[in-house]
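The values are calculated or read from the model by the stated rules, or taken from the named source; none is laboratory data. In this text the structure is predicted, and so the values were computed from the model without any measurement. All Cβ positions, even for glycine, are placed from backbone atoms using ideal geometry, and neighbour counts span all protein chains on display. To get the accessible areas, we keep the full protein, side chains included, count just its heavy atoms, and leave off ligands, DNA and RNA. Shrake-Rupley method; radii C 1.70, N 1.55, O 1.52, S 1.80 Å.
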Amino acid sequence: DDDGAGRYNKFTRKLSQTPWMIDGKRKTESSIEELIGIPTKEFYDADSFTFMAAGREDVDVRMLGTGRPFILEIHNPRRALRSADDFPALQKLINAATDQIKVRDLQPVPKVDTNILKEGEESKRKTYRCLVRTSRPLSEADYEDLKKYYKPDAGDDGKAVVTVAQETPLRVLHRRTLAIRQKEIYSMQCIPINDHFLFVDVETQAGTYVKEFIHGDLGRTVPNFGTLSKSSADILSLDVISIKMDFPPRFVDRDDDGGSSPPENFPIDFIIEDETFILASTS
């Protein structure tokens, strides 16, 4: 077997990381695993592949910034992974086939590097952008008060601005053990959009349930953004902005178009009952 590693960006809110099946029926047309793995399997004339990533985002969450690290094990390739041109060519092939994802920094890696992914999933900090609606307009005084949670160099001193207690969320209780987990918020920046809408950028400890941190999950996550802002709050959309991992090495000189645009360049969108809405005005 041979392994390749890279990072992926995801630009849609209707794509699962792996094939999503319920009662034998597909819930999404494709998956990130298939959009990367199938072209790779064909490129190397391999028998099969195994996809692994440093964590996963929900179906309705975009993966922006420099992407999420992944490893693809290629089983019994009949074409050797030796040419320096193979991975750039494969990267272009994958990216040309879809506008739902982009792959970057594709390269060969030794098998032992799979441990780096597991460590990153459990320990690395992540930054998210949340589109939030509050039940009441937040005033200038409210925003001024919330500035105390913002640290431009979040976590450099190892200290959290908020520690939250998260009971296993209701939405995952059917598949996760009931427990209360302590999670750290290292920075929280609030950016107003209009009276009831704002962005909340948060840097968190790995494993934090960010959606629940915003809406509180009926009191199962405390404190939460609603209690901190003294308002009821709901999250309309979520983007992963960065994952603090140095793996795999970056190719700053490689000519690729893989997803490094800042979140400001993407539409302010959200989904309600399978319908996509765009927030019309940011003034």
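When we screen E119, E34 for residues that are assigned to a helix (DSSP H, G or I) and modelled with pLDDT under 90, the only hit is E119.
Scanning the stretch 98-116 for residues that are of a type in the set (V, I, T) and in a helix (DSSP H, G or I), we see that the one that is least open to solvent (accessible area, probe 1.4 Å) is T114. Taking K25, is it more than 20 Å from the chain's Cα centre (by Cα), open to solvent by 50 Å² or more (accessible area, probe 1.4 Å) and closer than 30 Å to P169 by Cβ? Yes: the conditions hold for K25.
Conditions (1) within 24 Å of D60 (Cβ to Cβ); (2) open to solvent by less than 60 Å² (accessible area, probe 1.4 Å), marked per residue:
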site	(1), (2)
K151	no, yes
T163	no, no
Q166	yes, yes
R176	yes, no
I185	yes, yes
I191	yes, yes
T204	yes, yes
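Of all residue pairs spaced 6 or more apart or on separate chains, those with beta-carbon atoms under 7 Å, a first member in the stretch 203-229 that is in contact (Cβ under 8 Å) with a residue 40 or more places away in the chain and a second member that is of a type in the set (G, A, S) and assigned to a helix (DSSP H, G or I) are A206/S123.
Note on the stretch 193-202: residues that are more than 13 Å from V162 (Cα to Cα) and open to solvent by less than 10 Å² (accessible area, probe 1.4 Å) amount to 2.
Exactly one residue out of L138, L131, L146 is part of a loop (DSSP other than H, G, I, E, B), in contact (Cβ under 8 Å) with a residue 40 or more places away in the chain and touching a Leu at 6+ places or on another chain (Cβ under 9 Å): that is L138.
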